[in-house]
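Some notes on the structure that comes next.
The values are calculated or read from the model by the stated rules, or taken from the named source; none is laboratory data. Here the structure is a predicted model, which means the values were calculated and not measured. Neighbour counts run over all protein chains shown; Cβ positions are idealised from the backbone, glycine included.
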Amino acid sequence: MATLIAPSMLSADFGRLDQEIEMVNNSAADWIHLDIMDGVFVPNISYGFPVISAMAKRAKKPLDAHLMIVDPDRYTTRFRDIGVEYLSVHYEACTHLHRSVQLIKSTGMKAGVAINPHTPVHNLYEILPEVDFVLVMSVNPGFGGQSFIENSLKKIAKLKKIIADLGLSTLIQVDGGVSIENAPSLIKNGADILVAGNSVFGAKDPLKAISDLKII
C-alpha cells in the first residue's frame, strides 16, 4: 500500500483557512488531519465544531480527527454528523477503550486509538483487532512544531511486528515532527500514514512538500 499523507490543519494559517483547505484539496494528500484539543487532556485548545464544520464544507479529502480530549464519547456522533470519516481517541483518555472504539464503529466511521510517547505499544495488544489504525504520537501532544522523538522509530517497528504476528491489517499513523528527512525511516519501520504539519504549511511550496512526502 502506498503511504498516505494527512496534512495537519493545526499548522495552517487560520487567517486564510479557505485557501489552505483548497490547497490541500488540490494536492497529492490523501486525508485532512484535524487535531482536537480541549485544554484538559493536553495543555492547549485548538478548534471546535464551528471551525470544523466550516472546514468540512470545503474539504474534498476524507477528514481524519484526532481527539486529544477527555470523555470523547460525548462527541462521537457529532463528528460523524459533521462528516469525519476517521476518528481516533487516546488510550490514556478512555477508561473503557473498547466501548469507545465500538461506539465509533457503530456510527460508520473508521476507529483509531492514539498513544502518547510514554505508552508502550504492547498495551494495545487486546484492542488491536478492534481498530482500523493506531496513531503513534512522536511528540508529546498539545502543540505543533515540536522535535521528533527518535525512539518512536523503534516503537513503530515493535507495533508493526505485533500487528503482523496477529495477522491483522491495522494501519500505523504517525504524528509529530514528521519531515521529508525522517519520512523514509518512518516508512521503513512500518508507518502507513504520515501526519505532516509544519513541514507542509511552513514550506515555501506546500504542494511540492506534500508531493515529495507522497513519492518517498
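Being over 23 Å from Leu4 (Cβ atoms), at pLDDT below 95 and crowded, with 16+ Cβ neighbours inside 10 Å is the filter here; which residues of region 39-69 pass it?
Within region 39-69, Phe41, Val42 meet the criteria.
Taking only region 118-156 into account, find how many residues are crowded, with 20+ Cβ neighbours inside 10 Å, part of a loop (DSSP other than H, G, I, E, B) and among the hydroxyl-bearing types (Ser, Thr, Tyr).
1
Among the numbered criteria (1) crowded, with 24+ Cβ neighbours inside 10 Å; (2) of a type in the set (Asp, Glu); (3) over 14 Å from the mean Cα position of the chain (by Cα), which single criterion is violated by Asp205?
With (1) crowded, with 24+ Cβ neighbours inside 10 Å; (2) of a type in the set (Asp, Glu); (3) over 14 Å from the mean Cα position of the chain (by Cα) applied to Asp205, the lone miss is (1).
If you scan region 173-204, which residues turn out to be of a type in the set (A, V, I, L, M), part of a loop (DSSP other than H, G, I, E, B) and either touching a residue at least 40 places away in the same chain (Cβ under 8 Å) or over 11 Å from Ser11 (Cβ atoms) (or both)?
Selection gives Val178, Ile180, Ala191.
Can you confirm whether Gly176 is crowded, with 22+ Cβ neighbours inside 10 Å, more than 20 Å from His118 (Cβ to Cβ) and touching a Ser or Thr at 6+ places or on another chain (Cβ under 7 Å)?
Details: crowded, with 22+ Cβ neighbours inside 10 Å: yes; more than 20 Å from His118 (Cβ to Cβ): no; touching a Ser or Thr at 6+ places or on another chain (Cβ under 7 Å): yes.
Answer is no for this residue.
Can you say whether Ser211 is touching a residue at least 40 places away in the same chain (Cβ under 8 Å) and outside any loop (DSSP other than H, G, I, E, B), as far as the supplied structure shows? First the steps, then the outcome.
Details: touching a residue at least 40 places away in the same chain (Cβ under 8 Å): yes; outside any loop (DSSP other than H, G, I, E, B): yes.
Yes; evaluated as a whole, the condition is true for this residue.
Does Ser138 qualify as being more than 15 Å from Val113 (Cβ to Cβ) and touching a strand residue (DSSP E or B) at 6+ places or on another chain (Cβ under 6 Å)? Let's see the steps before the verdict.
Values: more than 15 Å from Val113 (Cβ to Cβ): yes; touching a strand residue (DSSP E or B) at 6+ places or on another chain (Cβ under 6 Å): yes.
Yes; evaluated as a whole, the condition is true for this residue.
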